[in-house]
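See structure below.
The values are calculated or read from the model by the stated rules, or taken from the named source; none is laboratory data. Model, not experiment: these values are computed from the prediction. A quick note on method: Cβ atoms are made from the backbone with ideal geometry, for glycine too, and the neighbour counts reach across all protein chains shown. Each accessible area value is taken on the protein alone, full model and side chains, heavy atoms only, with ligands, DNA and RNA left out. Shrake-Rupley method; radii C 1.70, N 1.55, O 1.52, S 1.80 Å.
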Amino acid sequence: HAGEVDLYFGCRRRDHDWIYRGEVESYVEDGTLTRYHACFSRRGTESSPATGEPVRYVQDLMSDPERAARLARSVLEEEGAVYVCGDGNGMARDVQEAFVRILAEHCSGSGGRKIENGLDGARAYLEKMKKDRRFVMDIWS
């Protein structure tokens, strides 16, 4: 059993690029995925004219306080793993930086691992996760 699985999905346009929407949503319905967070980065300049939703990226979703606390708890207290797939030019770097900030902000949770030295300690923890194959990237440019 994999435990709880959260999926953060980002693509440019809701109406064009969200090609596996139905399949992924069925994974939420059948319990394969615990939570599914989707965002879109190309819906207008500041917000989608159709929905008024702000343009967002995966790192924005991850950094939401409730989601960030859940992600940190999963990684620091439950030995969770993170898999990043997608663009290696910007997205992967931005997601890693958001992840480091999340670890630094939530590093002293009760029952979990404590990370010393703020951002530097969080970066070192990320590197250890990579070495232990708990933070894996499948990226392209």
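Table for the structure above
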quantity: Failed condition for TYR83, given (1) aromatic (Phe, Trp, Tyr); (2) over 16 Å from TYR36 (Cα atoms); (3) within 11 Å of the chain's Cα centre (by Cα); calculated: (2)
quantity: Output for segment 6-17, where each listed residue is over 16 Å from the mean Cα position of the chain (by Cα) and either buried (at least 16 other Cβ atoms within 10 Å of the Cβ) or hydroxyl-bearing (Ser, Thr, Tyr) (or both); calculated: ARG14
quantity: Pairs where the first residue, in segment 128-141, is open to solvent by less than 100 Å² (accessible area, probe 1.4 Å) and the second is acidic (Asp, Glu), C-beta under 8 Å, 6+ apart; calculated: ARG134/GLU79; ILE139/ASP87
quantity: Matching residues, segment 18-33, being surrounded by 15 or more Cβ atoms within 10 Å (Cβ to Cβ), modelled with pLDDT of 90 or more and either in a loop (DSSP other than H, G, I, E, B) or hydrophobic (A, V, I, L, M, F, W, C) (or both); calculated: VAL24, LEU33
quantity: Positions within segment 109-120 being farther than 13 Å from GLU78 by Cα, surrounded by 13 or more Cβ atoms within 10 Å (Cβ to Cβ) and either at pLDDT below 90 or small (Gly, Ala, Ser) (or both), in sequence order; calculated: ILE115, GLY118
